[in-house]
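The values are calculated or read from the model by the stated rules, or taken from the named source; none is laboratory data. All values reported here derive from a predicted model rather than from experimental measurement. Note that each Cβ is placed from the backbone with ideal geometry, even for glycine, and that neighbours are counted across all protein chains shown.
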Amino acid sequence: MDEAVVSNPANSSNRHIITQEQIDDILANELQAFTFPVKPVYNPRIKDNGRTIAEMYKWGQLKRIVSIDIGKQDEPDREFLVDTLLHEFYEVEILEKQYIDDYYRALSRPDSKRHAWINDKISRFFKRLEGQP
Ligand SMILES: [Zn+2]
């Protein structure tokens, strides 16, 4: 079995402690419409803002998501944590679909291309949240 690790690396050395309660509150409010395959768990030991670990079949298909860890955050505000959680949500969506869907396969590599797509999805989410078209 192969393991895939996708992460949202920290860009700051000044990391902000959060709590599991903050994660849970966002999942129950801003992100209530988003279903995560496993519960995102706060893990202050990781060096990333967020990190998803998946088990992959040898032929490249997702077997299961093992964990979604949320680390200390680059920024202390709630919006940054929403962004981090959404980032992992869309990483999972790509892992689930890249083997069966040409559209997702095309955007899955390299990291820069995948992250541009994810960041676009996240900015659309925030525009909807603010009621912008
Ligand atoms: Zn990522």
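Just checking, how many residues over the range 1-24 are more than 16 Å from the chain's Cα centre (by Cα) and of a type in the set (A, V, I, L, M)?
Adding up the residues that qualify gives 3.
Could you please find all residues in the range 4-45 being of a type in the set (Gly, Ala, Ser) and free of Cβ contacts under 8 Å to residues at least 12 places away in the same chain? Break it down stepwise before answering.
If we filter the range 4-45 for residues that are of a type in the set (Gly, Ala, Ser), which is where we start, we get 4, 7, 10, 12-13, 28, 33.
Selection gives Ser13, Ala28, Ala33.
Name the pairs whose Cβ atoms lie under 9 Å apart, with the first residue in the range 74-102 and closer than 28 Å to Lys63 by Cβ and more than 15 Å from the ligand (Cβ to nearest atom), the second of a type in the set (Phe, Trp, Tyr) and part of a loop (DSSP other than H, G, I, E, B), and 6 or more positions between them or separate chains?
Every condition considered, the pairs that remain are Tyr99/Tyr57; Tyr99/Trp59.
Does Asn29 fit the bill of being loosely packed, with under 11 Cβ neighbours inside 10 Å, modelled with pLDDT under 95 and over 26 Å from Tyr99 (Cα atoms)?
Values: loosely packed, with under 11 Cβ neighbours inside 10 Å: yes; modelled with pLDDT under 95: no; over 26 Å from Tyr99 (Cα atoms): yes.
Answer is no for this residue.
Need at least 2 residues that are closer than 17 Å to Glu3 by Cβ per element, so show me which helices (runs of 4 or more DSSP H) inside the range 13-117 make the cut, counting only ones lying wholly within it. Before the answer, list the steps.
Numbers: elements: 20-28, 78-97, 102-108.
By residue number, 78-97.
Looking only at residues in the range 1-33 that are within 16 Å of the ligand (Cβ to nearest atom) and in contact with a helix residue (DSSP H, G or I) (Cβ under 8 Å, 6 or more places away or on another chain), which one is farthest from Arg114 (Cα to Cα)?
So, considering only residues that are within 16 Å of the ligand (Cβ to nearest atom) and in contact with a helix residue (DSSP H, G or I) (Cβ under 8 Å, 6 or more places away or on another chain), the one farthest from Arg114 (Cα to Cα) is Ala4.
Quick check, is Arg105 more than 15 Å from the ligand (Cβ to nearest atom), charged (D, E, K, R), over 18 Å from Ile53 (Cα atoms) and surrounded by 13 or more Cβ atoms within 10 Å (Cβ to Cβ)? Show your work before the answer.
Working: more than 15 Å from the ligand (Cβ to nearest atom): yes; charged (D, E, K, R): yes; over 18 Å from Ile53 (Cα atoms): yes; surrounded by 13 or more Cβ atoms within 10 Å (Cβ to Cβ): yes.
So Arg105 fits the description; yes.
Just to be sure, is Ala116 without any contact (Cβ under 8 Å) to a residue 60 or more places away in the chain and either more than 16 Å from the ligand (Cβ to nearest atom) or at positive phi (or both)? Spell out the reasoning first.
Details: without any contact (Cβ under 8 Å) to a residue 60 or more places away in the chain: yes; either more than 16 Å from the ligand (Cβ to nearest atom) or at positive phi (or both): no.
Criteria not met by Ala116.
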